[in-house]
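Undergrad: Here it is, the structure in full.
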């Protein structure tokens with residue numbers, strides 16, 4: 001397939017599959033399963049960053065220090081975005097965006113805000129996927145897998161918020177599905193914009209790395225600390241390792 005075909009396929013299928021998988025968890029599965037999914041997503045994100053995306057960005061750039069500096073600046077950027085409620089659409093100490101709760105209300109947060117925030121998030125994911133595929137098809141596949149792994153728990157949280165905001169199950173599914181197409185739009189626009197600006201690709205990969213590191217470390221890992229039993233800890237470590245191992249094995253299976 002052509003690079004554009006890979007990008008469109010990853011954006012289209014990834015968006016739909018993440019929403020469908022999240023719907024199954026949010027509407028049917030036990031809440032305890034979400035914790036395992038989050039642990040696996042952490043491993044997939046960190047594995048993709050440190051085993052594939054960052055090494056590729058450093059290899060493509062003549063200045064490794066500039067790539068590292070971009071990662072550092074990106075972490076600060078995403079911290080700032082989170083503070084102004086763009087990245088996670090949260091404004092309380094306990095955020096429902098990644099962990100559903102049993103409250104009857106959403107603390108005044110509207111369903112529209114959730115959808116707008118998630119659409120922006122999905123659009124950025126699409127640009128990241130495009131940059132990865134433009135660098136290397138194998139890297140694009142691994143990056144898409146990592147994004148899919150963390151999108152599922154994100155979408156589960158979005159389902160919970162929409163339901164708390166008064167949306168029906170069908171309407172919540174429809175709104176999340178529509179929002180997921182922003183990944184396809186971001187990927188297509190990213191391909192058009194970056195195709196003739198290959199020098200920017202390593203720095204976009206560095207920004208992709210910083211976003212994944214931030215989501216894993218600042219967003220997902222703290223939710224695991226709420227379960228302090230030794231059994232839970234062992235399970236979390238094993239599932240995080242499984243996420244890393246999945247990325248490593250996928251990278252080994254890909255032809256050079």
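The values are calculated or read from the model by the stated rules, or taken from the named source; none is laboratory data. Owing to the predicted nature of the structure, the values given are computational and were not obtained by experimental measurement. Note that each Cβ is placed from the backbone with ideal geometry, even for glycine, and that neighbours are counted across all protein chains shown.
Undergrad: Among (1) out of contact with any helix residue (DSSP H, G or I) (no Cβ under 7 Å at 6 or more places or on another chain); (2) farther than 27 Å from residue 35 by Cβ; (3) surrounded by 23 or more Cβ atoms within 10 Å (Cβ to Cβ), which single condition is residue 157 missing?
TA: Just one mismatch for residue 157, condition (2).
Undergrad: I would also like to ask the following. Counting only residues that are buried (at least 20 other Cβ atoms within 10 Å of the Cβ) and closer than 30 Å to residue 192 by Cβ, which one in the stretch 17-29 is modelled with the lowest pLDDT?
TA: 22
Undergrad: Can I ask one more? Identify all residues within the stretch 166-196 that are crowded, with 23+ Cβ neighbours inside 10 Å and either within 19 Å of residue 21 (Cβ to Cβ) or free of Cβ contacts under 8 Å to residues at least 24 places away in the same chain (or both); write none if there are none.
TA: 172, 176, 179, 180, 183, 184
Undergrad: Would you check which residues across the stretch 186-209 are under 13 Å from the mean Cα position of the chain (by Cα) and modelled with pLDDT of 90 or more and list them?
TA: The answer is none; no residue qualifies.
Rundown of residues vs (1) surrounded by 22 or more Cβ atoms within 10 Å (Cβ to Cβ); (2) within 18 Å of residue 214 (Cα to Cα); (3) modelled with pLDDT of 80 or more, yes/no style:
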| site | (1), (2), (3) |
| --- | --- |
| 15 | yes, no, yes |
| 31 | no, no, no |
| 42 | yes, yes, yes |
| 75 | no, yes, yes |
| 84 | no, yes, no |
| 94 | no, yes, no |
